[in-house]
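Trainee: Take this structure first; my questions come after.
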Amino acid sequence: MKRLLIALLIVPIAILAARPASTFAQAADTVLVPANPPGSINTFIMGDTTTTGARVNPNRVYELSKDSIYFFTGTMNVNFPLTIVAGPGKGALPVIEPAILSDNSRPNTFINLESGSLTLRQLYLFGVAPDQAPVRPGKAVFVTGDSLDITADSCVFDGWTEAAFWSNGNWNSYWLTNNVFRNQQDYTSFYYGDVLFATSKIPTDTVYIVNNTIFCNEGYALANVYYNNFLDFDHNTIFLSGAHLMYITYLTQATITNNIFYGTDASGSIPVIGLGSLGAIGTTYGITEAERHVTLDNNDYYWPQGMQNFWNSINDTSTSVADSIIPPGWMTPFTRVMFNDTTFMSISTHYITQDTTMNGTTTSSADTLVDTTTFYAADTSFVPDTTFAADTTVGTDTTIISDTTNIVNTFPTTKRYPYFEDTGNMSVDPGFSSSIMDQVDSLDHYVYLSKTKGLGKYLWWYNPTGSVYPPTQPLPENLVYSNATLQSAGTNNYALGDLNWFPSQLEEWEGGGVNAVRSNASQVLTKFELSQNYPNPFNPSTNIKVSVARAGVVSLKIYNVLGQLVKVVDLGYKPAGAYTFNVNMDRYASGVYFYTLREGANVLTKKMMLLK
């Protein structure tokens, strides 16, 4: 009890201590950045200082003109809060891209964030120079500082060969909403062209990726995200990828919901979701397997028939594991065991046998040419049983890869993962427009060349106009899909995938959030308020009322008594108004929790009690 009381005193103090200094600093102002000559964006922003070298206004917003191209001539090493936005009015998003320098070189990174924060809004960040050559190794944002907030909203990231965001600092948070990540490919590797890449063993704090489209990227959506406190990957549309989509082995608090995964990992082998046991990571960060919360709900994963036919044609003629392509599936076998919450002891190689529609003329586990170690790479806490490795008596067994009927459990079932949830996921063809389906053949051809000739200077960009530079706006791709079931299969009957393709649904979703009921929309509010939840104590749900005095990005989060984030109730753009959020804590333990409302520099926190 004494420890709990001390914690109750410490957490509010810590939250106040963490309140940004900008709360008491200058008010933000806005200045227009000139587009010319090339390099103006560098000199104007980095040179906006006093004679002492201090920022003229550390809260300044830098505005770029629409229908303009801004060439950066070097990397901006940023150590202050930087906000860059598009100017008002109609027109194409301002384009930021590398210049060709006098020695014919070109800078490969736009921003190196050392400290402060970064906000990008309504920008087109283009990793391709005017000669139509992508810069290598190209990344839009390189983050080297620790505990920073990086926000990108309504932007396009196009053609970056390494990643849109590369995290090389500890405990940073990424808030990525309403963006398009497209044509991010590197012909030297299947594993570059990422949305977010984290350097090996770099931990992150919060990763919030909501309502984005990831279109024709070579690499990961989340690459090497070694350990993070909280992940929310919600309402995203992923259309084709060369490599597997997520390298997220050690998720602890995560929701992956309402997404469409279409044609991911065309090179084969790795399913969409692959988790592993924490091992020493749990000891390092003080979390047990039973404390992990991972929700996988209402996702659609589908591989187009043309891609399946291509895999079959490769496997029909392959003579080795290296030459074959293994259909990826939804989960790795070990991940499926975790979600089934059973004790894994041994597994027959029979589970590898594929449905004949996915693996050609396969008739036995021996014919599938699968290296079983592929599936265990993320987890070294057990050794696969090899007793059945030579068994070829399975004949016409066509068990699909996600099926777990051949998993052998020699122990009684135990609840190692009581907070793992996997419901409402399906494999259904969304019915995308024929205008983008030629990309399936382009990707298949790329995989074929890599298998037969090795990786070379080949890109499978979506480029219907035939010219990369200048980038086409509005974007030529259309990812509205025709499957009526999927258009209402998400939480609260919203469409799966990026809601930006369904504007009326997006307007409703943003107007109140999927958990909120908006009221007093027409009332002029002058206060930023957070009401006490009701009922309190509660079991298992409660209501939280908030008032937002001005439009902006608002977050409502719940923390435990140790100050650890346990739930993001809502985060996103909100018009001014009053909102009521219904919060369900059925999957959490009894105890005291703190809920925090944040809008810019304004922060309010209150305490509530879950009593079961």
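The values are calculated or read from the model by the stated rules, or taken from the named source; none is laboratory data. Just so you know, these numbers come straight off a predicted model, no measurement behind them. Ideal geometry is used to build each Cβ from the backbone, glycine not excepted, and the neighbour counts take in all protein chains shown. In case anyone asks, the SASA skips ligands and DNA or RNA and just uses the protein heavy atoms, side chains included. Shrake-Rupley method; radii C 1.70, N 1.55, O 1.52, S 1.80 Å.
Trainee: If R0 is 51 Å, what FRET efficiency do you get for GLN132 and TYR534 from their C-beta distance, rounded to 0.05?
Mentor: In this case the efficiency is close to 0.30.
Trainee: Order 297-308, 56-67, 148-159 from most to least packed using the mean count of other Cβ atoms within 10 Å.
Mentor: 148-159, 297-308, 56-67
Trainee: Within segment 178-264, what whole-number % of the accessible surface is contributed by carbon and sulfur, with the 1.4 Å probe and all protein chains included in the calculation?
Mentor: 48 percent
Trainee: Filter the cross-link list LYS574/LYS612; LYS139/LYS607; LYS527/LYS557; LYS415/LYS557 down to pairs whose alpha-carbon distance in this structure exceeds 30 Å.
Mentor: Table pairs above 30 Å Cα-Cα are LYS574/LYS612; LYS139/LYS607.
Trainee: For LYS574, LYS607, LYS415, LYS451, give the ranking by accessible area with the largest first, probe 1.4 Å.
Mentor: LYS415, LYS607, LYS451, LYS574
Trainee: Where the Cα atoms of segment 176-231 are projected onto their three principal axes, how long is each span, largest first, in whole Å?
Mentor: Per principal axis, max minus min of the Cα coordinates gives 32, 27, 8 Å.
Trainee: Right, another one. Using 1/(1 + (r/R0)^6) with R0 = 25 angstrom and r between the beta carbons of ARG550 and GLU114, what's the FRET efficiency to the nearest 0.05? If you can, show how the numbers build up before the last one.
Mentor: Working: r = 30 Å, r/R0 = 1.21.
Efficiency computed from Cβ-Cβ geometry: 0.25.
Trainee: Could you order ARG292, ARG336, ARG598 so the one with the most accessible surface comes first? Probe is 1.4 Å. Before the final figure, lay out each step's value.
Mentor: Details: ARG292 0, ARG336 40, ARG598 85 Å².
Solvent-accessible surface, decreasing: ARG598, ARG336, ARG292.
Trainee: Where the centroid of each part is defined by its Cα atoms, how far is segment 422-445 from segment 209-252 in Å?
Mentor: Segment 422-445 and segment 209-252 have Cα centres separated by 17 Å.
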